[in-house]
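Only one structure is covered here, and it is reproduced in the block below.
The values are calculated or read from the model by the stated rules, or taken from the named source; none is laboratory data. If you're wondering where the values come from, they're calculated on a predicted model, not measured in any experiment. Cβ placement follows ideal geometry from the backbone for every residue including glycine, while neighbour counts extend to all protein chains displayed. Side chains included, ligands, DNA and RNA excluded: accessible areas come from the protein's heavy atoms. Shrake-Rupley method; radii C 1.70, N 1.55, O 1.52, S 1.80 Å.
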Amino acid sequence: MEKAAGSPSVGGSCPQKNAEILSSQYGINLFLAGLLLTFAWAVHAVGISKSHLLSYLITLMLIQLLWMLWYLCRSCTQRRLIRDKDTHAGARWLKCGITLFAVITLILDSFKIGYYIDFSNCLSPTEGIFPVTHAVHTILQVYFLWCHAKDIIQSFKTLERFGVIHSVFTNLLLWTNGVLTESKHQLNEHKERLITLGFGNITIVLDDHAPQCNCTTTTLCSIFSQGIYYLYPFNIEYHILASTMLYVLWKNIGRKVEHHQQHKTPFKFHGITVGMIFGLIVLTSTIAIVVVYLIQIGRSKIKSELALTMFYLHAIFVLALMCTAGIVALLIYRLEDRSLDNSKNPARKLDAELLVGTAAGSWLLSWGSILAIICAQAHPKYTWYNLPYSVLVIIEKYIQNLFIIESIHREQEKVNDDIKTLRIVTISRGSTLSLTPSYKEIYNGRAARDSGEVPCLFKGSICGRENGGGGSKEETSQENSSVMHSASDFSFYSRNSVTNNKRRVLKNIAAFLFLCNLSLWIPPAFGCRPEYDNGLEEIVFGFEPWIIVVNLAMPFSIFYRMHSAASLFEVNCKT
């Protein structure tokens with residue numbers, strides 16, 4: 001679609017840079033318009049209803065559906081063409097993760113359809129059209145990402161930039177809509193619980209968007225309305241993962257890549273037993289804590305305070321373990337002398353930026369809690385546990401970010417576990433020649449091919465070289481007896497053993513941190529949020545300002561845990 005006039009490197013770069021700038025500005029304006037519409041609905045602005053917001057989102061999804069269908073059809077017609085691929089983008093485990101979230105999102109859509117049918121007398125038709133459109137959008141988008149997340153687009157680049165960036169910000173708006181809807185539900189429950197903690201001076205005004213009519217089937221309506229809010233966390237993660245994968249696709253448009261064989265790094269459970277056991281203990285205990293917390297909070301003042309104390313003590317213990325594990329991993333890295341891979345990689349760059357950017361959400365909440373504890377005049381006993389908890393949240397994320405970012409930038413070892421560099425001696429017509437090819441070269445036949453000889457391994461294997469006229473067994477036996485171990489062989493095995501032990505420790509740490517991050521994702525995602533229920537911050541900062549801060553920061557804090565878990569899974573595979 002684009003023609004390069006004159007020098008391809010100069011003439012083609014300026015239009016493409018302009019197309020990148022124009023498409024990004026288009027996406028930002030698309031997002032800002034939707035964001036303001038969402039905000040207007042949330043604050044009950046005059047003339048703005050939920051149907052207007054849903055109509056806007058439906059329109060965006062339909063446009064994205066048309067673009068994806070066009071791209072898929074064009075890809076089918078050009079199936080025989082060899083296309084560049086970004087081997088770092090769209091990892092299989094990431095695709096499996098987004099597929100899992102998409103399946104749960106489809107269940108959410110089915111609940112919404114059922115909810116609309118039961119309240120169809122007083123709901124807008126857009127509330128029935130939206131989940132149907134969203135379900136179709138989800139199915140096609142997951143298929144698109146499975147097939148084309150690694151693509152490096154080199155044709156119709158300007159058009160494709162607009163199509164991909166439209167998809168990125170459509171998913172971000174759907175994520176924002178899900179976050180807002182789920183936050184409003186959590187806020188209503190939080191306001192009702194504050195009275196039990198003794199904060200009667202806070203005005204309780206429920207923000208109700210419930211239908212103004214009776215349900216046709218009461219039992220089903222209750223199941224649908226309650227089930228929807230338990231499924232929203234998965235829907236939120238689905239859209240943010242989709243937007244990040246599409247953003248990498250957008251950054252790869254027109255990119256020139258070096259063609260080299262990508263080293264596959266499959267996940268293996270072997271060697272990470274210790275990390276998995278401790279991680280599963282943390283995961284199991286966290287689920288139990290969340291269940292007890294949700295049951296006890298809001299029942300009475302004493303039960304609520306006990307639930308908060310229990311949560312803080314458990315979180316302090318887990319965060320302290322994670323800090324210790326992260327420090328050990330960083331110390332191991334300091335002892336190793338391995339260079340960093342600084343090559344251009346949009347997926348890796350985005351991972352690092354998301355880790356630091358989303359960590360700022362929980363850092364903001366932690367500093368708010370620390371300031372509230374310092375400035376508050378009265379301090380209930382349970383609020384003092386909030387101080388070490390908030391400090392550890394800041395330190396743990398700082399250490400974990402350093403570990404993950406360094407891990408994904410470290411160059412992979414060229415030699416696998418089962419490929420050892422050995423000291424060998426070859427026999428050439430009765431004389432010995434000391435050579436040091438690697439076992440990998442022997443396996444591939446390169447050493448033999450280059451020297452014209454067949455190398456021998458001293459570890460009980462038979463040495464020999466194929467001659468034109470053949471050789472006697474006695475001669476071969478005499479040649480084998482001349483093979484001797486050198487002192488350097490033993491020093492190599494010692495170094496290799498130390499390296500393997502370090503790698504085993506790092507893999508266990510990555511596995512442990514992976515499960516810990518999944519564990520810490522569960523409480524805020526399913527309504528266990530002491531930042532809401534603590535009550536101290538609302539007194540110091542005021543109810544409305546603190547709630548705004550929590551509602552803005554909490555989605556980033558939740559996403560940080562899931563993104564960290566995904567990054568640590570990659571680190572475990574890579575180590």
Completion exercise
Picking from VAL318, VAL291, the residue that is open to solvent by 10 Å² or more (accessible area, probe 1.4 Å) and of a type in the set (Val, Ile, Thr) would be VAL291
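To keep it simple, each residue is scored yes or no on (1) touching a Phe, Trp or Tyr at 6+ places or on another chain (Cβ under 7 Å); (2) part of a loop (DSSP other than H, G, I, E, B); (3) open to solvent by 40 Å² or more (accessible area, probe 1.4 Å); (4) modelled with pLDDT of 95 or more.
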{"residue": "LEU30", "(1), (2), (3), (4)": "yes, no, no, no"}
{"residue": "LEU36", "(1), (2), (3), (4)": "no, no, yes, no"}
{"residue": "TRP41", "(1), (2), (3), (4)": "no, no, no, no"}
{"residue": "VAL46", "(1), (2), (3), (4)": "no, yes, yes, no"}
{"residue": "SER51", "(1), (2), (3), (4)": "no, no, no, no"}
{"residue": "ILE58", "(1), (2), (3), (4)": "yes, no, no, yes"}
{"residue": "TRP67", "(1), (2), (3), (4)": "no, no, no, no"}
Problem - Output for segment 294-304, where each listed residue is surrounded by fewer than 20 Cβ atoms within 10 Å (Cβ to Cβ) and part of a helix (DSSP H, G or I) - result: LEU294, ILE295, GLN296, LYS301, ILE302, LYS303
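What residue, among those in segment 117-137 that are in contact with a Pro (Cβ under 7 Å, 6 or more places away or on another chain) and crowded, with 16+ Cβ neighbours inside 10 Å, is nearest to GLY227 (Cα to Cα)? Reasoning before the result, please.
Of the residues in segment 117-137, the ones in contact with a Pro (Cβ under 7 Å, 6 or more places away or on another chain) are 119, 122-123.
Going one step further and asking which of them are crowded, with 16+ Cβ neighbours inside 10 Å, we end up with 119, 123.
Values: PHE119: 16, LEU123: 19 Å.
Selected residue: PHE119.
Does THR181 satisfy being at pLDDT 90 or above and within 30 Å of ASN551 (Cα to Cα)? Talk me through it step by step, then tell me what you get.
Numbers: at pLDDT 90 or above: no; within 30 Å of ASN551 (Cα to Cα): yes.
Taking the combined requirement at face value, the residue does not satisfy it.
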Exercise for the section: Check segment 343-365 and report whether any residue there is farther than 21 Å from ASN551 by Cα, surrounded by 13 or more Cβ atoms within 10 Å (Cβ to Cβ), in contact with a Lys or Arg (Cβ under 8 Å, 6 or more places away or on another chain) and among the hydrophobic types (A, V, I, L, M, F, W, C). Expected result: yes
Exercise for the section: Any residue in segment 534-546 that's in contact (Cβ under 8 Å) with a residue 24 or more places away in the chain: show its pairings with residues that are surrounded by fewer than 22 Cβ atoms within 10 Å (Cβ to Cβ) and among the basic types (Lys, Arg) at Cβ separation under 9 Å, as long as the two are six or more apart or on different chains. Expected result: PHE543/LYS191
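Picking from LEU283, LEU313, LEU294, which residue would you name as being of a type in the set (A, V, I, L, M, F, W, C), touching a Leu at 6+ places or on another chain (Cβ under 6 Å) and in contact (Cβ under 8 Å) with a residue 12 or more places away in the chain? Show your work before the answer.
Details: LEU313 fails: touching a Leu at 6+ places or on another chain (Cβ under 6 Å); LEU294 fails: touching a Leu at 6+ places or on another chain (Cβ under 6 Å).
That would be LEU283, the only listed residue that is of a type in the set (A, V, I, L, M, F, W, C), touching a Leu at 6+ places or on another chain (Cβ under 6 Å) and in contact (Cβ under 8 Å) with a residue 12 or more places away in the chain.
For GLU2, are the conditions met, namely being modelled with pLDDT under 70 and either touching a strand residue (DSSP E or B) at 6+ places or on another chain (Cβ under 7 Å) or open to solvent by less than 80 Å² (accessible area, probe 1.4 Å) (or both)? Write out each step before concluding.
Numbers: modelled with pLDDT under 70: yes; either touching a strand residue (DSSP E or B) at 6+ places or on another chain (Cβ under 7 Å) or open to solvent by less than 80 Å² (accessible area, probe 1.4 Å) (or both): yes.
Answer is yes for this residue.
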Practice task
Any chance you could count how many residues in segment 217-260 are outside any helix (DSSP H, G or I), in contact (Cβ under 8 Å) with a residue 40 or more places away in the chain and among the basic types (Lys, Arg)?
Solution key: 1
Exercise for the section: Can you give me the number of residues within segment 516-545 that are closer than 24 Å to PRO233 by Cβ, among the hydrophobic types (A, V, I, L, M, F, W, C) and open to solvent by less than 10 Å² (accessible area, probe 1.4 Å)? Expected result: 3
Practice task
Return the residue satisfying two criteria in turn: it lies in segment 69-104 and is exposed (fewer than 13 other Cβ atoms within 10 Å of the Cβ) and part of a loop (DSSP other than H, G, I, E, B), and of such residues it is modelled with the lowest pLDDT.
Solution key: ILE82
Exercise for the section: Looking only at segment 409-416, decide whether some residue is surrounded by fewer than 17 Cβ atoms within 10 Å (Cβ to Cβ), modelled with pLDDT under 85, outside any helix (DSSP H, G or I) and in contact with an Asp or Glu (Cβ under 6 Å, 6 or more places away or on another chain). Expected result: yes
Practice task
Among the residues of segment 498-542, write down those that are in a helix (DSSP H, G or I) and small (Gly, Ala, Ser).
Solution key: ALA510, ALA511, SER519, ALA525
Exercise for the section: Tell me, yes or no, whether segment 375-397 has at least one residue that is surrounded by 17 or more Cβ atoms within 10 Å (Cβ to Cβ), acidic (Asp, Glu) and at pLDDT below 85. Expected result: no
